[in-house]
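Working notes, structure below.
The values are calculated or read from the model by the stated rules, or taken from the named source; none is laboratory data. Just so it is clear, the model here is predicted, and its values are computed rather than measured. Every residue, glycine as well, gets a Cβ built from its backbone with ideal geometry; the counts of neighbours run over all protein chains shown.
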Amino acid sequence: MTHFDVFNGDADGICSLLQLRFATPIDSVLITGAKRDIALLQRVDAQPGDEVTALDISVAVNRQSLLALLDRGVKIEYFDHHFAGELPKRAGLDAHLDASPGVCTGILVDRYLTGKHRIWAVVAAFGDNLAGRPSNSLCRLRSIRGDWPTSGSSVKALRTTPTATVAPI
Ligand SMILES: [Mn+2]
């Protein structure tokens, strides 16, 4: 069985995948593209019994490939906050979709993981320019902005920053 992780190549897509794979490390085939290159499911060469995780790529744009994969017996776990259109009602699709303003895919994954790797959801929210939006349900991003590291070792620092610095509202 092959697992394909298919994700938007922007901060939201990458940080969504990081949260999932820190929580559940697996060997997977990574499929991504440059920002806005989101017709990615068509690149998945999956066989019956394979699994796909799709992150931050719209169902509307990927619908045909999504249906083809489901018809082929591929299981798909889907997290996204873009306009989806009508959701295919098929066995094998586990969809976590929410197009409300103030959420990004990283926040949907954060909900799914009950905040296990929240620091990456915050980075995702910054990437999708949600910082400071009154409707943002994750945290007061502005209030913690001063805590962020700004130098080259930022990734290491982020991984070790206590999540307690993220204040829920
Ligand atoms: Mn996004």
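Observations on the model:
- Top-ranked residue of the range 1-16 - restricted to ones that are aliphatic (A, V, I, L, M) and farther than 24 Å from residue 48 by Cβ, ranked as nearest to the ligand (Cβ to nearest atom): 11
- Single unsatisfied condition, residue 100 versus (1) within 13 Å of the ligand (Cβ to nearest atom); (2) crowded, with 19+ Cβ neighbours inside 10 Å; (3) among the small types (Gly, Ala, Ser): (2)
- Looking across the range 24-83, the residues that are modelled with pLDDT of 95 or more, acidic (Asp, Glu) and over 23 Å from residue 110 (Cβ atoms) come down to 27, 45, 50, 71.
- A count restricted to the range 18-55 and to residues that are within 12 Å of the ligand (Cβ to nearest atom) and within 18 Å of residue 96 (Cα to Cα) stands at 2.
- Residue count, the range 101-120 (criterion: hydrophobic (A, V, I, L, M, F, W, C) and in contact with a Gly (Cβ under 8 Å, 6 or more places away or on another chain)): 2
- In the range 91-116, residue farthest from the chain's Cα centre (by Cα) [restricted to those that are more than 20 Å from residue 52 (Cβ to Cβ) and aliphatic (A, V, I, L, M)]: 99
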